[in-house]
Amino acid sequence: MADLPDDFNPFEHLQKTYKTEFNRRVDRYFRDVEGDGDLSSPRSSLKLACRISDTDNDAIMNMRHNLFFNVIGYSRKNLAVVYGSKFDTAPPVAGHPQLFFVFSQDASASPSEESPIQHEKSVRLMKFSCASGNAKPAITKADMTEIANEIKTTFLSSNRGITYTCGNKSASYTDPDNGLPRGNYILVNSKTDGSEIYEKICNVIDVPFHSDRVLLNDPDKPSTTTATAGKTTILGKQVQNRRYRPVAVLRFRSAYISLGNLVPPVFLIDTTLRNQGLVKYP
């Protein structure tokens, strides 16, 4: 580091640097006001009150700083350093009903040594609360029946559940205000499949769908089958290794709503006929 002159005053240097940088931001914020500001208009008067002058003492400088950054709000205009993510301020989903969509592989398409693949996808119903006495109205049987009929129309075709192909890719869709927070995803074989499922879900819960919010993560590791996954020997016996995100055609089977752990889930529709839904199938 270069030697400082004998008459160097660190306080004066700091004060001069602070004044230069602070006034630069004030001038940029009030770029529609000429000069240092004056008393001709409220905005011009604000600029005059904010700019630091050479004759200011510490108390006046602090007041100007507080006026500009906190009172006027310069620090809250996305110009300050932000730690974390804006999604951290997403509305909490606890207390809202959770709608589940269940998909599974046809038994005839599943290898004899493997169980049929089953996936679930859920979304929070942000327009409703699980219980009464909250800001949002409590969901009713009539509300659930309406959603069930939407699902029957959207997820069934020719009295059978629609299908999509799952695989090693994960498609995510982020819309925290409408019950799809950051971190949710569905395994697919293409972005098109993911977009179609998310669009159908949005249609069912009556919220807008934005295709640009669908993001696809394509890992380097390929899908594996029962044969390519291979086997390993444990305690002298050969055991089948778990497949990695295998490619398979999944069919919509059922939908139910969870209201928390205190009550059993409410089935809206079940094409397997194992549970009685609010709407009949077929």
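Can you work out the Karplus-derived ³J(HN,Hα) for every residue in segment 143-157? Use 6.51 cos²θ - 1.76 cosθ + 1.60 with θ = phi - 60°, whole Hz, and x for glycine or proline.
Running phi through 6.51 cos²θ - 1.76 cosθ + 1.60 with θ = phi - 60° gives 4, 5, 5, 4, 5, 4, 5, 5, 5, 4, 6, 8, 9, 10, 9 Hz.
Which residue fluctuates the most in the chain, going by a Gaussian network model with Cα springs under 10 Å, if the choices are D177, D220, D36?
Residue with maximal mean-square fluctuation among D177, D220, D36: D36.
Let's see if you can work this out: charge +1 on each Lys and Arg Cβ, -1 on each Asp and Glu Cβ, no other charges. What is the dipole magnitude of the chain about its Cα centre, in debye to the nearest 20?
Result for the chain is approximately 1400 debye, rounded to the nearest 20.
Whole-Hz Karplus ³J(HN,Hα) for segment 13-21, in order, using 6.51 cos²θ - 1.76 cosθ + 1.60 and θ = phi - 60°, x for Gly and Pro?
Along segment 13-21, the couplings run 5, 5, 4, 5, 5, 4, 4, 4, 5 Hz.
What do the square roots of 5 times the Cα gyration tensor eigenvalues come to for the chain, in whole Å, largest first, as semi-axes of the equivalent ellipsoid?
Here the semi-axes work out to 59, 28, 16 Å.
More than 20 angstrom separation, counting every C-alpha pair in segment 171-233; what % is that?
Here the long-distance tail beyond 20 Å is 37 percent of all Cα pairs in segment 171-233.
What translational diffusion coefficient, to the nearest whole µm²/s, does segment 129-177 have by Stokes-Einstein, given a Kirkwood radius computed over alpha-carbon pairs, a temperature of 37 °C and 0.692 mPa s viscosity? All intermediate terms of the calculation are to be shown ahead of the outcome.
Values: Rh = 14.2 Å.
D = 231 µm²/s.
Name the long-range amide H neighbours of S170: under 5 Å, sequence gap of 5 or more, or other chain; modelled H, no Pro or chain starts.
Those qualifying (amide H under 5 Å, at least 5 residues apart or on another chain) are V188, N217.
Using just the Cα positions, wrap segment 10-76 in a convex hull and report its mean projected area in square nanometres, one decimal place.
Hull-based average projected area comes out at 4.5 nm².
Between A229 and L262, what is the FRET efficiency for a Förster distance of 51 Å, r being their Cβ-Cβ separation, to the nearest 0.05?
On the way: r = 40 Å, r/R0 = 0.79.
Efficiency, from the Cβ-Cβ distance: 0.80.
Under the 0.36 nm per residue contour assumption, what length would be gained going from the current alpha-carbon distance of S53 and N70 to full extension?
Working: separation 17, 0.36 × 17 = 6.12 nm, distance 1.96 nm.
Taking 0.36 nm per residue and subtracting the Cα distance, the gain is 4.2 nm.
Rounded to two decimals, what ratio of Rg to Rh does segment 218-282 give with C-alpha atoms and a Kirkwood Rh?
Rg/Rh: 1.21.
Only helical DSSP H runs with n ≥ 4 go in: add -39500 (n - 2.57) per run for the chain, normalise by residue count and round the 222 nm mean residue ellipticity to 500 deg cm²/dmol. Could you put the intermediate results ahead of the total?
On the way: 6 runs with 71 residues, N = 282.
It lands at -8000 deg cm²/dmol.
Taking the Cβ of each residue in Y198, Y18 as the centre, tally the other Cβ atoms inside 10 Å and list the residues starting with the fewest.
The order, fewest Cβ neighbours first, is Y18, Y198.
If you take the charge dipole of segment 98-270 about its Cα centre, with +1 on Lys and Arg Cβ and -1 on Asp and Glu Cβ, which of C202, P181, Q238 is farthest toward its positive end?
Q238
Computed from the coordinates by the stated procedures, all read-outs in this text should not be read as laboratory data. Remember, predicted model here, so these are calculated numbers, not experimental data. Quick reminder, even Gly has a Cβ in these numbers, built from the backbone with ideal geometry, and neighbours come from all protein chains shown.
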